[in-house]
There are 6 protein chains.
Amino acid sequence: MRNRLRDVWTNRSAGINGWLAIPSPVTAEIVSQHEFDSITVDLQHGLVDYTSALPMLQAMGHSQATLMARVPWLEPGIIMKMLDAGALGIICPMINTPEQAAQFVGYCRYAPLGERSFGPTRAISVHGSDYASVANEQVIALAMVETRTALANVDAIVATPNLTGVYIGPSDLALSLGCVPKLDHDDPIVMEAIHTVLNSAHRAGLKAGIHCLTPAYAKAMIELGFDLVTTGSELRALSASLSHLLSTMRTP
Amino acid sequence: MRNRLRDVWTNRSAGINGWLAIPSPVTAEIVSQHEFDSITVDLQHGLVDYTSALPMLQAMGHSQATLMARVPWLEPGIIMKMLDAGALGIICPMINTPEQAAQFVGYCRYAPLGERSFGPTRAISVHGSDYASVANEQVIALAMVETRTALANVDAIVATPNLTGVYIGPSDLALSLGCVPKLDHDDPIVMEAIHTVLNSAHRAGLKAGIHCLTPAYAKAMIELGFDLVTTGSELRALSASLSHLLSTMRTP
Amino acid sequence: MRNRLRDVWTNRSAGINGWLAIPSPVTAEIVSQHEFDSITVDLQHGLVDYTSALPMLQAMGHSQATLMARVPWLEPGIIMKMLDAGALGIICPMINTPEQAAQFVGYCRYAPLGERSFGPTRAISVHGSDYASVANEQVIALAMVETRTALANVDAIVATPNLTGVYIGPSDLALSLGCVPKLDHDDPIVMEAIHTVLNSAHRAGLKAGIHCLTPAYAKAMIELGFDLVTTGSELRALSASLSHLLSTMRTP
Amino acid sequence: MRNRLRDVWTNRSAGINGWLAIPSPVTAEIVSQHEFDSITVDLQHGLVDYTSALPMLQAMGHSQATLMARVPWLEPGIIMKMLDAGALGIICPMINTPEQAAQFVGYCRYAPLGERSFGPTRAISVHGSDYASVANEQVIALAMVETRTALANVDAIVATPNLTGVYIGPSDLALSLGCVPKLDHDDPIVMEAIHTVLNSAHRAGLKAGIHCLTPAYAKAMIELGFDLVTTGSELRALSASLSHLLSTMRTP
Amino acid sequence: MRNRLRDVWTNRSAGINGWLAIPSPVTAEIVSQHEFDSITVDLQHGLVDYTSALPMLQAMGHSQATLMARVPWLEPGIIMKMLDAGALGIICPMINTPEQAAQFVGYCRYAPLGERSFGPTRAISVHGSDYASVANEQVIALAMVETRTALANVDAIVATPNLTGVYIGPSDLALSLGCVPKLDHDDPIVMEAIHTVLNSAHRAGLKAGIHCLTPAYAKAMIELGFDLVTTGSELRALSASLSHLLSTMRTP
Amino acid sequence: MRNRLRDVWTNRSAGINGWLAIPSPVTAEIVSQHEFDSITVDLQHGLVDYTSALPMLQAMGHSQATLMARVPWLEPGIIMKMLDAGALGIICPMINTPEQAAQFVGYCRYAPLGERSFGPTRAISVHGSDYASVANEQVIALAMVETRTALANVDAIVATPNLTGVYIGPSDLALSLGCVPKLDHDDPIVMEAIHTVLNSAHRAGLKAGIHCLTPAYAKAMIELGFDLVTTGSELRALSASLSHLLSTMRTP
């Protein structure tokens, strides 16, 4: 089974993650034609749910990138459906306690490590007949640390067995800390929290990812030690591109 | 941000609510071309889920009505997805206890009032760049009071901070009280319960809505003091219209 | 093979035809739960094309009504696709000459009567294994007579072998005759044209249908001798029903 | 209301269940043209969710088979949505305790037996106007017993009032017992567990079903006393058929 | 009826046209939130057909831009369907002769100017009840001049009554003239042809548009006198934006 | 650009062609996971049109097979759309004359060989940036010879420059010759016609394909010299498999 993001990590590099908020296999395919290390279908804040996510995964079937999904919430039904559909990683929002982290990991792992139900309908056909035996070690489980409570519990969260890593949602984290909700934050309160999570994850031997907007900020986060950075969704890329185009056209 | 239903309430009037049970942007657009004060996409008993609800909201983008969603259950994933998709109100079924009411409100409000996750992908583009700062006061959260238990707890439910109001589901309420499940009820047991909920909500300074079928009953409920009435779904409107048409045609 | 519309005609009655302009299997199913003799999916002025028409036909699979399609134009691809999908009748717009009528009939009939290509993928599974042998006699082919030219050619059009009948589009006919385009016309010029077409069809032993709006007008057309009447689309039924409802609600 | 599976059981026979994993009304319709006693839309490991399940149910509207749904998890929203959409049975995965079994049954039954919310939008139109009064006795609720924990609790699970029966998922059960996850198991550990569940269900007067792959194994399970057997999904049937075809073609 | 592109022309300015190749109401809505004067849904080389175009038009219902469609070919069915769906303009490819131009105009105009069939199902609901009377003067009909033959016939083509203008497809024009097929051409042969078409259109009092890629070229074409310029599709905007992003990320 | 079917032909072998009649990317993906040399999406008698064909092509993006489309009719719009969407071959029904054959080839070839319009939106992204320069030689154009008229004209048809080959539709051919319409025919009249077409094609240096049902017949056709055989659609494969399964289950 190929898993480009794990290969990147094996090479001690940071992965660059594409982000899909538009519910369309056409835009997914376009994104997958670019050299991302992983691509995440966002079923939480993206305008995507299972019905649209499935053909998006199919349209990216030729891609070398590791395909992942961010799910709407810590709900077992959709987590397992996305894995069965072939996602090799799950980013789960709002993991605030070690109990929630353990539940999340359980939904991603087959017995005896967890309680994921067996029936990898599409996964086995695209990842190979040994899927059942390697899924537990290949599937990436990233818990979002994005609240004050999660920050307080971060050392316990990263101690969860079989968790792959954490993923920081800076907007929610900022909001929870009383700051403005935005990406690419530079408020010292938020920055300190980001450092805390990063260090906690690395001390535990886990990976750390963060949601960014601009390439400059994302590169700074890689410098800081993050193992996975996202540089905005394809929706923002499109909108920014159109704004720039019209601004050029409307300027005499 | 425009919010016609809140404007109606500011004018001490009752809102007339359209109801969408058919999963189609075409029927949604037709409904939105009529002068409802609010229109609710029904993801519970309607044949609609997120995949169909999104283009329905888009097709109603020109409408002046406040667009809301009834969700299938007290489940955070879908509540937040509908808000991110641009719904300005959520009607949540089966709120039976103050704890459930508090959970529901929490899913609809950003920190520090609640735990709604930040990422209003479509909402910010259709409601304006100040969405983040006004969402907590603009989003309408209506808890359905529709069981014997909820009736017993109604004073505690309406005491929930940041809850906008209650919405009565007469069929379930009747069933729970041992009566026939139907709309436009006139059984004294059901009517007494309806009065109890209405008075409790108003005493707490909250709004009260009720699901009706015929205009006559809906107007009576407005007379009674309700702030929001629904007069059947577009599915019933279509079916009734066809029955009448064929009955006319088949009568010599 | 059941064919309710032909049964109605055998009984020397007029068929009442439902009309589908909304691209949704849910609205199609609702219409099919009412007692129409035939139901026509409108791929011309309706908001429907093949992609939406197929699940609409499926959703009406339980219905006793004869299912037909109005196609966008005299184009062989879509005519044959709708027949293969299980439609038992085709209404074809803008048949202005006997040559066009012959082409149309050819697209609806297997050799040696015509040039319909063989491959009734869904038709054979829903209409039975003898479909191939009875299709030529069962499939209803109705040519729309709706222009001044068609009116001049009507006797030649109805002489087309294996044509089932004509169907009048009063809006286009009126427009072509210099009148206001509308249904349920009473302008003497249009009425005379309607009589001409009706009489021409009946003299040739063919059926005659007409597109109407109100039940009153449709019943008058049956009185006049028409064999098939349509009483507006489900889209108009829904819109009219909502207008009436809101008018009642808004009237003090 | 027709309910073929209950009729089969009344005749002391075993039902043969079709299984839908492909999200398509076309494949659903094809399956429904074969003589299954019941057909289950799989929203758990199948590639189906509500959006695709609804037109699948519609496309099978003509079928005599009892239509059921396997839901992704013990989540009330989707269970009730599938029942409102017309499913006459629910198979719920991972029922490990009597508490979970009671919750599950509660989601399937109207008050006073449970807490299913009233609003059978499509169910009432396809099953008849007496749906409300007969739904509690007609709807089939099958709890999946598929873990070591469930096995330990099986006698308590089958004691749940108004539960119709249990359904064994051999892959998960095997995995949980430390065996290879697969269908048509013959490992003595798994076989003993299967016997235990079957006997427990029958002692309690409940039905017992099991997920199988080959007809031979399924027939053996009927011999063993099972009341319901599934013989693989339509997805496996298609894939196996293509493998056989190409193997024949590629063999000189 | 609002028609921003005609307003722009009345003000003797050039319109900036957005171009939709992705079959998604979400991307269409994003494009429509930017200040284009017109937006064209491309059903020819775009990955769009009627099924996807309809919700795209709906999702842009709030937009001030004039919404148009490029159709796959000079085929009456789809031209009229797009107009009925609410498009206010049609760009038709490969108009090589005055006869083809006359056919095209005929498909866009009601009698007595043409043979467009009457039934503006959605158009009347979004453009107002006077649609029937103003459609002939409001609908924009642009004939693509993009072959050597069309170039030779251009003076006859622009003499077609009720044609609004021409639209140059530089790739096909270049290919037909023996040059490389690309946008933003600077080959003297192509440039001369572009001048010829522009001058011919303006001499006849018609509008002239051209398909461009970069803003710089598009602005140069406005300088040259073009009345309408397109600056690449949203698909190219997205892809270019992602290429730039990844190039920045991958550069140390 | 990879083109497995042309590679097979270069190796003087016959290609085995899969056939898609079900409008689903899931079934398309399943078929593409088997070792067909080419796979054809059937937009004529299959239940597929452009909207469903696009995600089907995307879902097969990983496949080594040459992906082709059978179009509904000799209509330029859909032929060019399927090529732009990435199909590398077109099978066109009902080519009865050399004029029709020339038109067909023209729609598949860029100038100067034909009149295909330039804009390979998806094709260029999946087949590589040199698509424009190699498309004319790579795209496979197969004319269906399936009527008495076509049989009479076959030598003229195969003389069409840049035509790749012919493809026999035995059902239509049989029907046109007065025989029963079916596949795997053995009627001497039909067999003689098949030989005639095969020999004519090979004499002209073209390829010859034929639509078959069973592997046995398909292998016999390869023996006879055919370069391409289809062995029934995935829809028939599924249906046959289910029939066999139920027959086994129902047999005591």
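The values are calculated or read from the model by the stated rules, or taken from the named source; none is laboratory data. The shown structure was predicted, so the numbers you read here are calculated from the model rather than taken from an experiment. FYI the Cβ positions are ideal-geometry reconstructions off the backbone, even for glycines, and counts take in every protein chain you see.
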- Task: Consider E:T251 carefully, then state whether it is under 30 Å from A:A216 (Cβ atoms), within 14 Å of chain A (Cβ to nearest Cβ), modelled with pLDDT under 95 and in contact with a strand residue (DSSP E or B) (Cβ under 9 Å, 6 or more places away or on another chain).
- Result: no
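So, of the residues in segment B:39-75 that are among the polar types (S, T, N, Q) and at the interface with another protein chain (Cβ under 8 Å from one of its Cβ atoms), which turns out to be nearest to B:E29 (Cα to Cα)?
Step one: list which residues in segment B:39-75 are among the polar types (S, T, N, Q), which gives B:40, B:44, B:51-52, B:58, B:63-64, B:66.
Cutting the leftovers down to at the interface with another protein chain (Cβ under 8 Å from one of its Cβ atoms) gives us B:44, B:51-52, B:58.
Details: B:Q44: 20, B:T51: 16, B:S52: 13, B:Q58: 9 Å.
Out of the qualifying residues, it is B:Q58.
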- Does A:P120 fit the bill of being in contact with a Leu (Cβ under 6 Å, 6 or more places away or on another chain) and within 14 Å of chain D (Cβ to nearest Cβ)? no
- Could you please let me know if A:E99 is without any contact (Cβ under 8 Å) to a residue 12 or more places away in the chain, under 21 Å from A:L20 (Cβ atoms) and acidic (D, E)? no
- Is there any pair linking a residue in segment C:103-122 that is touching a residue at least 12 places away in the same chain (Cβ under 8 Å) to one that is assigned to a helix (DSSP H, G or I) and charged (D, E, K, R), with Cβ under 7 Å and at least six apart or on different chains, and which? C:S117/F:D172; C:F118/F:D172; C:G119/C:D84; C:P120/C:D84; C:T121/C:D84; C:R122/C:D84
- Query: D:Y217 is checked against (1) among the hydroxyl-bearing types (S, T, Y); (2) crowded, with 24+ Cβ neighbours inside 10 Å; (3) within 14 Å of chain F (Cβ to nearest Cβ) and fails just one. What number does that condition carry?
  - Reply: (2)
- Message: Can you find, within segment B:104-114, the residue that is surrounded by the fewest Cβ atoms within 10 Å (Cβ to Cβ) among those that are over 26 Å from B:S63 (Cβ atoms) and in contact with a helix residue (DSSP H, G or I) (Cβ under 7 Å, 6 or more places away or on another chain)?
- Response: B:L113
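Scan segment E:228-243 and give yes if some residue there is more than 14 Å from chain A (Cβ to nearest Cβ) and either of a type in the set (A, V, I, L, M, F, W, C) or on the phi < 0 side of the Ramachandran plot (or both), otherwise no. I'd like the intermediate steps shown before the answer.
From segment E:228-243, those more than 14 Å from chain A (Cβ to nearest Cβ) are none; that's our starting set.
Scanning segment E:228-243, I find no residue that is more than 14 Å from chain A (Cβ to nearest Cβ) and either of a type in the set (A, V, I, L, M, F, W, C) or on the phi < 0 side of the Ramachandran plot (or both), so the answer is no.
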- Task: Kindly provide the set of residues from segment F:151-207 that are farther than 19 Å from F:G15 by Cα, within 14 Å of chain C (Cβ to nearest Cβ) and not hydrophobic (A, V, I, L, M, F, W, C), ordered by number.
- Result: F:S171, F:D172, F:S176, F:G178, F:P181, F:K182, F:H185
- Message: Just to be sure I understand, how many residues within segment A:76-101 are in contact with a Pro (Cβ under 8 Å, 6 or more places away or on another chain) and either acidic (D, E) or away from every other protein chain (no Cβ under 11 Å) (or both)?
- Response: 1
- Query: Is it fair to say E:L198 is over 16 Å from E:T147 (Cβ atoms) and in a helix (DSSP H, G or I)?
  - Reply: yes
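Can you pull out every residue in segment E:9-29 that is touching a residue at least 24 places away in the same chain (Cβ under 8 Å) and over 15 Å from the mean Cα position of the chain (by Cα)? Give the derivation first.
From segment E:9-29, those touching a residue at least 24 places away in the same chain (Cβ under 8 Å) are E:9, E:14-29; that's our starting set.
Matches in segment E:9-29: E:I22, E:P23, E:S24, E:P25, E:V26, E:T27, E:A28, E:E29.
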- Any residue at all in segment E:191-203 that is crowded, with 21+ Cβ neighbours inside 10 Å, closer than 23 Å to E:T97 by Cβ, of a type outside the set (S, T, Y) and over 17 Å from the mean Cα position of the chain (by Cα)? yes
- Task: Restrict the check to segment B:2-22 and report whether at least one residue is in a helix (DSSP H, G or I) and under 27 Å from A:V48 (Cβ atoms).
- Result: no
- Message: Given the condition among the β-branched types (V, I, T) and either buried (at least 24 other Cβ atoms within 10 Å of the Cβ) or in contact with a strand residue (DSSP E or B) (Cβ under 8 Å, 6 or more places away or on another chain) (or both), answer yes or no: does some residue in segment A:91-103 qualify?
- Response: yes
- So B:T121 clears everything in (1) in contact with a His (Cβ under 6 Å, 6 or more places away or on another chain); (2) on the phi > 0 side of the Ramachandran plot except one condition, right? Which one? (2)
- In segment A:115-168, how many residues are within 16 Å of the chain's Cα centre (by Cα), outside any strand (DSSP E or B) and closer than 30 Å to A:G61 by Cα? 4
- Task: Give the residues of segment F:215-252 that are more than 18 Å from the chain's Cα centre (by Cα) and among the β-branched types (V, I, T), sorted by residue number.
- Result: F:T248, F:T251
- Qualifying position, being more than 15 Å from D:G18 (Cβ to Cβ) and of a type in the set (A, V, I, L, M), among D:A208, D:A237: D:A208
- Query: Counting just the residues of segment C:145-172 that are in contact (Cβ under 8 Å) with a residue 60 or more places away in the chain and under 19 Å from E:P112 (Cα atoms), which one comes out surrounded by the most Cβ atoms within 10 Å (Cβ to Cβ)?
  - Reply: C:G169
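Which of the residues belonging to segment F:49-84 are within 15 Å of A:Q58 (Cβ to Cβ) and aliphatic (A, V, I, L, M)? Let's see the steps before the verdict.
Keep residues of segment F:49-84 that are within 15 Å of A:Q58 (Cβ to Cβ), which gives F:52-63, F:67.
If the condition is that a residue be within 15 Å of A:Q58 (Cβ to Cβ) and aliphatic (A, V, I, L, M), then F:A53, F:L54, F:M56, F:L57, F:A59, F:M60, F:L67 are the ones that fit.
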- Query: Quick one: in segment A:30-60, which of the residues that are more than 18 Å from the chain's Cα centre (by Cα) and farther than 22 Å from B:R122 by Cα is surrounded by the most Cβ atoms within 10 Å (Cβ to Cβ)?
  - Reply: A:Q58
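Please go through segment B:110-148 and give me each residue that is among the β-branched types (V, I, T) and over 29 Å from A:N96 (Cβ atoms), ordered by number. First the steps, then the outcome.
Within segment B:110-148, the first condition is being among the β-branched types (V, I, T), and the residues that meet it are B:121, B:124, B:126, B:134, B:139-140, B:145, B:147.
Across segment B:110-148, the qualifying residues are B:V126, B:V145, B:T147.
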- Going by the structure shown, is F:S247 in a helix (DSSP H, G or I) and in contact with a helix residue (DSSP H, G or I) (Cβ under 6 Å, 6 or more places away or on another chain)? no
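For segment B:35-62, which positions are part of a loop (DSSP other than H, G, I, E, B) and touching a Phe, Trp or Tyr at 6+ places or on another chain (Cβ under 6 Å)? Please lay out each step first, then the result.
Just the residues of segment B:35-62 that are part of a loop (DSSP other than H, G, I, E, B), to begin with: B:35-37, B:43-49, B:60-62.
Once the filter is applied, which keeps residues that are part of a loop (DSSP other than H, G, I, E, B) and touching a Phe, Trp or Tyr at 6+ places or on another chain (Cβ under 6 Å), segment B:35-62 yields only B:D49.
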- Kindly indicate whether E:T27 is at the interface with another protein chain (Cβ under 7 Å from one of its Cβ atoms) and touching a Ser or Thr at 6+ places or on another chain (Cβ under 8 Å). yes
- Task: Show the residue pairs that are 6+ apart or on different chains and have beta-carbon atoms under 9 Å apart, the first residue being within segment E:173-191 and part of a helix (DSSP H, G or I), the second being basic (K, R).
- Result: E:L173/E:R148; E:A174/E:K182; E:S176/E:R148
